[in-house]
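Written out below as structure tokens is the structure these notes cover.
A short reminder: the numbers here are calculations on the coordinates, not readings from a lab. Computed from a prediction, not measured in an experiment: that's the story for all the values here. Methodologically, a virtual Cβ is constructed for each residue, glycine included, from the backbone with ideal geometry; neighbour enumeration extends over all protein chains shown.
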Amino acid sequence: MTDKKTQVKTGLELLREPFPQEMISKLPKPTTAQTEEVKKDYKKGERCSICGQWHHPKVVHLDYVGHAALTDRLLDADPRWHWEPLALGPDGLPALDKDGGMWIKLTVLDMTRLGYGDAQGKTGPNATKERIGDALRNAAMRFGAALDLWSKADLHGDDDKEPKTPEPKQETPAPEAPAISNEQLKDGAAKIKAELESAQDESTINVILKNNHAMIEAIKVRAPKWWNHPEKGTGLLPTMNARINEINAFEEQRNSENPFDGEGVQGNGK
Ligand SMILES: [Zn+2]
């Protein structure tokens with residue numbers, strides 16, 4: 001009865017509204033070959049400035065909407081929305097197909113559409129949660145939710161193929177680049193270097209990368225050797241990797257120390 005806000009979309013129409021940028025996350029999509037390469041030798045990977053994870057430098061990222069943002073949108077469209085598995089197995093739990101995927105029925109405003117999700121390589125209890133989230137995203141896409149992101153993702157094809165021209169930065173072409181002066185670029189690099197060198201744990205490093213994303217992308221484009229100078233072994237990337245190694249070595253040492261060898265015990269007793 002409250003049709004004052006005629007401009008505001010509701011119901012099924014609301015599901016088609018694009019998501020605001022801050023609700024869109026970056027999902028690394030490594031090929032099988034990239035994953036194997038880094039698994040064999042972790043130094044083949046790098047700390048990614050886009051998603052903060054450790055992976056092969058040429059991994060492509062996809063935009064996706066997280067579970068919370070999608071649930072929020074579904075609730076706004078229809079507080080009574082629900083999903084159920086398409087089939088149950090003999091144990092009474094949602095049935096999985098031979099690939100470990102699950103079909104679901106998503107109902108919004110009495111309209112039901114099917115969706116399919118898999119565990120995206122996750123294992124254990126996280127696999128189930130991932131499967132549900134993935135199936136919901138897929139079914140909600142059939143209602144038009146985040147459709148623009150899906151069409152972009154489809155362009156990248158299947159994940160077992162190497163990208164033809166590996167250009168992971170394609171989606172984020174550093175739009176801020178022209179706005180950053182050379183002086184600012186230099187200051188930015190120095191500041192990031194200092195922050196990385198003083199980071200005490202890996203999560204701080206991830207925060208530094210995320211907070212300085214635009215600057216790092218600009219550095220990679222305009223002064224790639226400040227990011228990584230392979231001949232000299234200098235740059236922000238080697239600095240960060242060295243710091244991560246130090247942090248890990250310190251952690252290892254601390255974990256291996258005898259917990260009873262605390263304060264008050266000086267020297268080795270000889
Ligand atoms: Zn990444």
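Points worth noting:
- Taking 0.36 nm per residue of separation and subtracting the Cα-Cα distance, full extension of the segment from L114 to R142 would add 9.3 nm.
- For segment 63-98, applying the loop criterion from DSSP together with a ceiling of 14 other beta carbons within 10 Å to the trypsin sites (Lys or Arg not before Pro) yields R80, K98.
- Full-stretch length increase - K9, E37 - with 0.36 nm per residue and alpha-carbon distance subtracted: 5.4 nm
- Between T234 and R254, the modelled label-to-label distance comes to 3.1 nm, taking each label 7 Å out from Cα in the direction of the beta carbon.
- Comparing segment 177-255 with the 2.2 N^0.38 Å rule of thumb, its C-alpha radius of gyration ratio is 1.15 (two decimals).
- Debye log10 I(q)/I(0) at q = 0.10, 0.16 Å⁻¹ for segment 19-171, Cα point scatterers: -0.41, -0.98
- Label-to-label distance, nm, for residues given as A194 and D72 (7 Å Cα→Cβ offset): 3.5 nm
- Peptides 83-95, 116-128, 226-238 ordered by packing proxy, namely the average of other Cβ atoms within 10 Å per residue, highest first: 226-238, 116-128, 83-95.
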